[in-house]
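Working notes, structure below.
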Amino acid sequence: MIRTRGTGRGYALRGAAAVAVVAMTAVTAGCKEQPASGASAAPSVPVNSGSPTDDAKPGGASTSPSASAPAKASPKPSASRTTPTADPQGKVLMASGAQGKQVRELQARLRQIGHFNRTPTGYYGTVTVAAVQSFQGKRGLSRTGKTDTVTWQKLLGMTREPTAAELNPPTTRPVAKPDKRCLTGRVLCISKNSRTLSWMVDRKVVSSMDVRFGSEYTPTREGTFSVYWKSRHHVSSIYHTAMPYAMFFSGGQAVHYSSDFAARGYNGASHGCVNVRDEGKIATLFAQVRTGDKVVVYK
């Protein structure tokens, strides 16, 4: 241990060193905390928090060479604090992962001018991102895939307000043109290509719904059939799985509700039946269809 004699200069030196250590500690802590506050903001949106150097000198006037310096020596707010970085595309309104009514309207409007080839779902996924990029590229905008205010206003100016049918179509995919065998009488008209079922009565479509079919190992049969048995609470005797609202048309193959289809979508397949994922729609259909009604399954 080094002893320091005297009460003046030695203590003053030690005091100055202590102040320097405290000051360095404070600046170092400030630098460590700055990225954390920046990281809490969305990465794609500029944050108006100033650069680390803007906050590196706390205390304002205490950093001035002279305590008696005039007021003009006080630091002025930097431009980065008062003026956010401008986004040439405008404020982002919708982006990947968004969902809701505005997304559905976006998809319907893009479909009107040929940039979205599916029916609106209300979910901003990869297909919607690609559609927005296509629209932006055609209009000379940055192909971000995000719907900002500039993109949205441009789209509004080129399209009309979507109708209720355009916003909420009966199926996820466009309904296929009915096979000619579906144009007479009461028919369950089922298209494998569009993966839709249309319940038709005397050429008119009463309702439509999404369906899926069997795999290549258990294919759904094609042709003209008729409903020969209805079973509201049916359970498969082969696979021991529930088949609610079953309407049998060919051996053990039936049109019925599938909770697996509702949960997994087209990632799965049936054992040959025609699966419906909208329970409300098939419940209504089951009540309307009679034994003997025609069933047409076609590509």
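The values are calculated or read from the model by the stated rules, or taken from the named source; none is laboratory data. In this text the structure is predicted, and so the values were computed from the model without any measurement. Note that we place each Cβ from the backbone using ideal geometry, even for glycine, and neighbour counts take in every protein chain shown.
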| Just for the stretch 144-176: of the residues that are under 18 Å from the mean Cα position of the chain (by Cα) and basic (K, R), which one is farthest from L197 (Cα to Cα)? | K146
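Any chance the stretch 290-297 includes a residue that's modelled with pLDDT of 95 or more and either in contact with a helix residue (DSSP H, G or I) (Cβ under 6 Å, 6 or more places away or on another chain) or of a type in the set (F, W, Y) (or both)? Don't jump to the end; show me each part of the working.
Looking only at the stretch 290-297, we keep the residues that are modelled with pLDDT of 95 or more, and these are 290-297.
From what's left, either in contact with a helix residue (DSSP H, G or I) (Cβ under 6 Å, 6 or more places away or on another chain) or of a type in the set (F, W, Y) (or both): 296.
Taking every residue of the stretch 290-297 in turn, at least one turns out to be modelled with pLDDT of 95 or more and either in contact with a helix residue (DSSP H, G or I) (Cβ under 6 Å, 6 or more places away or on another chain) or of a type in the set (F, W, Y) (or both).
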| Tally, over the stretch 171-197, of residues that are part of a loop (DSSP other than H, G, I, E, B) and either surrounded by fewer than 16 Cβ atoms within 10 Å (Cβ to Cβ) or among the charged types (D, E, K, R) (or both) | 10
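Can you tell me how many residues in the stretch 241-291 are part of a loop (DSSP other than H, G, I, E, B) and touching a Pro at 6+ places or on another chain (Cβ under 7 Å)?
Residues of the stretch 241-291 part of a loop (DSSP other than H, G, I, E, B): 241, 251-252, 258, 268-269, 271-273, 277-278, 289-291.
Keeping just the survivors that are touching a Pro at 6+ places or on another chain (Cβ under 7 Å) gives 272.
Counting residues in the stretch 241-291 that are part of a loop (DSSP other than H, G, I, E, B) and touching a Pro at 6+ places or on another chain (Cβ under 7 Å) gives 1.
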| Any chance the stretch 217-224 includes a residue that's within 20 Å of T171 (Cβ to Cβ) and without any contact (Cβ under 8 Å) to a residue 60 or more places away in the chain? | no
| task | Consider L110 carefully, then state whether it is in a strand (DSSP E or B), aliphatic (A, V, I, L, M) and within 19 Å of the chain's Cα centre (by Cα). | result | no
| message | Can you say whether M200 is in a strand (DSSP E or B), closer than 20 Å to M247 by Cα and free of Cβ contacts under 8 Å to residues at least 40 places away in the same chain, as far as the supplied structure shows? | response | yes
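Criterion first (without any contact (Cβ under 8 Å) to a residue 60 or more places away in the chain and farther than 14 Å from Q102 by Cα) does R181 satisfy it? Spell out how you get there, then give the answer.
Values: without any contact (Cβ under 8 Å) to a residue 60 or more places away in the chain: no; farther than 14 Å from Q102 by Cα: yes.
Criteria not met by R181.
Per-residue answers, yes or no, for (1) touching a Phe, Trp or Tyr at 6+ places or on another chain (Cβ under 7 Å); (2) touching a residue at least 12 places away in the same chain (Cβ under 8 Å):
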| site | (1), (2) |
| --- | --- |
| V175 | no, yes |
| S194 | no, yes |
| K204 | no, no |
| R212 | yes, yes |
| S215 | no, yes |
| Being more than 18 Å from Q288 (Cβ to Cβ), over 26 Å from the mean Cα position of the chain (by Cα) and free of Cβ contacts under 8 Å to residues at least 40 places away in the same chain, is that true of even one residue in the stretch 128-136? | no
